[in-house]
Amino acid sequence: MSAQAVVITPREDPWEMALRQFNEAADYLPLKRGIREYLAYPKREMTVNFPVKMDDGSVRLFTGHRVHHSTVLGPTKGGIRYHPDVTLNEVRALAMWMTWKCAVVGLPYGGAKGGVVVDPKILSQDELEHLTRRYATEISIMMSPEGDIPAPDVGTNPQVMAWIMDTYSMHRGHSTPSVVTGKPIEIGGSFGRVEATGRGVMLSVRETAKLINLPLEGATVVVQGFGNVGAVAATLLHGLGCKVIAVSDSRGGIHSPKGFDPGAVLRHKEAARSVIGFPGTDRVSNEELLEIPCDILIPSALEGQVDAENAPRIKTRMIVEGANGPITPDGDAVFVERKIPVIPDILANAGGVIVSYFEWVQGLQQFFWVEEEVNQNLERILVREFHRVWQSAQEYKVRLRVGALIRAINRVANALYIRGIYP
Ligand code: NAD
């Protein structure tokens with residue numbers, strides 16, 4: 001295997017997936033046709049082609065997008081992705097999922113997403129900074145603390161958020177920390193934000209385990225995508241007594257039936273730039289990893305990793321979606337038939353946007369909380385909404401994803417009816 005990252009192309013177009021999911025849930029709600037269409041389609045989209053001066057003096061053209069899906073509940077919120085497979089349709093889907101995610105956990109935000117078609121791993125730090133500052137400038141008419149607040153996603157991190165915040169502030173003539181979340185603590189970030197998405201995944205696993213009578217002590221865990229979300233989820237579950245037996249990154253995965261300490265794998269990954277080669281483990285491909293028998297499967301890499309073709313071979317007690325859109329609608333149907341609960345992305349990975357909301361509130365008030373307060377408030381919101389979604393799924397006799405979407409779409413639709421259609 002080469003040292004180059006292996007790119008697995010999603011098996012179904014993410015925007016088609018997002019629309020299919022929306023339509024299935026919207027059928028349960030008495031929405032007028034025009035309103036239903038307005039709720040589904042992005043409010044505004046922007047594509048930018050922009051030049052970046054590389055270290056060798058050459059100039060390269062990059063393409064980026066920013067999509068605002070809905071502004072009904074408030075300013076738009078959503079991450080920025082740097083990945084070679086970014087497409088406008090992927091960004092549209094991710095923006096729509098952000099709308100439902102914010103709505104299902106009761107945040108005063110609409111959904112947005114951004115992305116640049118780039119492999120950040122092959123850029124130098126200077127090139128990454130230049131690309132980020134130019135992209136931030138290009139999309140700055142879409143961003144503001146009151147209008148649209150980006151955050152990290154695949155391939156971006158707190159440092160990238162710091163450059164975006166600094167670039168925006170330079171243009172405004174004063175520091176504007178609240179224009180992004182997921183910033184470093186030193187410049188107005190929130191304690192607990194880096195871990196928040198993984199913490200929410202852990203809480204979703206814990207609550208599901210109670211409902212299906214699965215003891216967490218010794219429960220086996222498989223995580224696809226050992227990044228910000230997957231590594232934190234694995235570490236926190238290890239702390240609860242679970243046995244993490246397989247994890248992966250874009251280069252492949254590692255497996256040991258005896259289990260391993262995810263903290264040690266993280267240190268190995270920092271040095272080796274991959275989980276591969278961690279002592280005492282066997283090498284597996286990302287496809288094989290998904291099919292390792294386990295109690296808890298956490299896909300936390302990219303969209304479309306599980307579909308109708310591989311879903312029948314997955315042997316697990318629950319699937320908790322750390323990633324956005326890892327299971328296609330046809331894959332979902334297989335798990336309904338097999339009675340395997342799937343905790344949907346818009347709930348399971350909402351911890352990140354919940355703590356981003358806390359970071360935004362803290363920044364606007366210039367009053368910062370201790371980590372314990374952040375984590376307690378995250379747990380209070382996520383656990384409450386988890387059980388409401390579970391209840392909604394039972395009431396409508398639908399799977400959890402549809403139950404969550406019904407709650408979310410209903411909330412946005414109600415706000416829209418109250419606001420009215422302008423003019
Ligand atoms: P990240 O860049 O920190 O990590 C992604 C990980 O997945 C990396 O280890 C990468 O090597 C691996 N990966 C990439 N392609 C892969 C493939 N085909 N197979 C297996 N592994 C692969 O990104 P992240 O922030 O952890 O995001 C992961 C997922 O979680 C994405 O779907 C993202 O949209 C979602 N998410 C992230 C956040 C957040 O706060 N960061 C919040 C909600 C949802």
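With n ≥ 4 as the cut-off for DSSP H runs, can you work out [θ] at 222 nm for the chain, using -39500 (n - 2.57) per run divided by the number of residues, rounded to the nearest 500? Mind showing how you got there, number by number?
On the way: 14 runs with 188 residues, N = 423.
The helix-only estimate for the chain comes to -14000 deg cm²/dmol at 222 nm.
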If each K or R counts +1 and each D or E counts -1, the residues other than ASP295 whose Cβ falls under 14 Å of its Cβ total +4
Spelling out what I want: for every residue of region 32-40, take phi, set θ = phi - 60°, compute 6.51 cos²θ - 1.76 cosθ + 1.60 (Karplus), and round to whole Hz; glycine and proline get x.
5, 4, x, 5, 4, 5, 4, 5, 7
Low-density loop positions, chymotrypsin sites (Phe, Trp or Tyr not before Pro), region 330-423 - DSSP coil, at most 10 other Cβ in 10 Å
PHE367
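Going by how many other Cβ atoms sit within 10 Å of their own, how do TYR422, TYR168, TYR82 line up, fewest first? Provide the component values of the computation, followed by the final result.
Numbers: TYR422 4, TYR168 23, TYR82 27.
Exposure proxy ranking, most exposed first: TYR422, TYR168, TYR82.
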Evaluate the relative contact order of region 41-177 (contact order divided by residue number), counting alpha-carbon pairs under 8 angstrom at least 6 apart; express in whole percent.
27
Alpha-carbon radius of gyration plus Dmax, which is the widest Cα pair, for region 209-273 in Å:
11.8, 39
Choose one of ILE421, GLY155, ALA350: the residue whose Cα lies farthest towards the positive end of the charge dipole of the chain (beta-carbon charges +1 Lys, Arg; -1 Asp, Glu; about the Cα centre).
ILE421
Rounded to whole Å, give me the distance from the Cα center of region 45-79 to that of region 368-382.
31
What is region 1-121's relative contact order, in percent, from Cα pairs under 8 angstrom and six or more apart in sequence?
26
Quick one: 3J(HN,Hα) in Hz for region 222-234, Karplus 6.51/-1.76/1.60 with θ = phi - 60°, rounded, Gly and Pro as x.
10, 10, 9, x, 8, x, 4, 6, x, 5, 5, 4, 4
Counting sequence-distant residues (5 or more places) and residues on other chains, those with an amide H built under 5 Å from that of ARG81 are GLY114, GLY115, VAL116
DSSP beta bridges in the chain, what fraction antiparallel, as a percent rounded to 5?
50
Average projected area of the Cα convex hull of the chain, in nm²?
20.2
Pick out which of LEU347, LEU123, LEU131 has the largest mean-square fluctuation in a Gaussian network model of the chain, springs linking Cα atoms closer than 10 Å.
LEU123
Could you list, bin by bin from short to long, the percent of Cα-Cα pairs of region 41-177 in 5 Å steps?
2, 11, 21, 23, 20, 13, 6, 2, 1, 0
Report the longest stretch of the chain that contains none of the GluC sites (Glu not before Pro) sitting in a DSSP loop with at most 11 other Cβ atoms within 10 Å.
218-423
Could you give the dipole magnitude of the chain about its Cα centre, charging the beta-carbon of Lys and Arg +1 and that of Asp and Glu -1, in debye to the nearest 20?
900
Subtracting the Cα-Cα distance from 0.36 nm times the residue separation, let me have the gained length for LYS32 to LEU214 in nm, one decimal.
61.3 nm
Among the lysines, select those whose C-alpha is under 23 Å from the C-alpha of LYS43, and discard any that sit fewer than 8 residues away in the same chain.
LYS32, LYS77, LYS101, LYS113
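What do you get when you divide the Cα radius of gyration of region 243-396 by 2.2 N^0.38 Å, with N the number of residues? Intermediate results must be reported in sequence, preceding the final value.
Values: Rg = 17.9 Å, N = 154, 2.2 N^0.38 = 14.9 Å.
In units of the globular-protein estimate, region 243-396 measures up at 1.20.
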Sorted by chain and then number, the residues having a modelled amide H within less than 5 Å of the amide H of GLN224, at least 5 places away or on another chain, are ILE298, SER300
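Over all directions, what mean area does the Cα convex hull of region 18-104 project, stated in square nanometres?
On the way: hull surface 27.6 nm².
Convex hull of Cα atoms, orientation-averaged projection: 6.9 nm².
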Got a sec? Charge dipole of region 41-177, +1 on Cβ for Lys and Arg, -1 for Asp and Glu; which of TYR168, ALA93, VAL118 is way out at the positive end?
ALA93
When the chain is treated as a GNM, springs tying every alpha-carbon pair under 10 Å, which of ARG401, ARG380, ARG133 comes out with the largest mean-square fluctuation?
ARG380
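Treating the beta-carbon of each Lys and Arg as +1 and of each Asp and Glu as -1, no other charges, what is the dipole magnitude of region 195-348 about its Cα centre, to the nearest 20 debye? Can you show the working numbers first?
Working: 15 positive and 19 negative charges, 111 e Å.
Roughly 540 debye for region 195-348.
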Would you kindly derive the ³J(HN,Hα) couplings of region 359-372 from the backbone phi angles with the Karplus curve 6.51 cos²θ - 1.76 cosθ + 1.60 (θ = phi - 60°), listing them in order in whole Hz, with x for Gly and Pro?
4, 5, 4, 4, x, 5, 8, 6, 9, 9, 9, 7, 4, 4
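Here, each number is a calculation from the coordinates, and none is a lab measurement. Bear in mind the structure is a predicted one, so any value in this text is a computation, not a measurement. Using ideal geometry, Cβ is built from the backbone for each residue, glycine included, and neighbour counts are taken over all protein chains shown.
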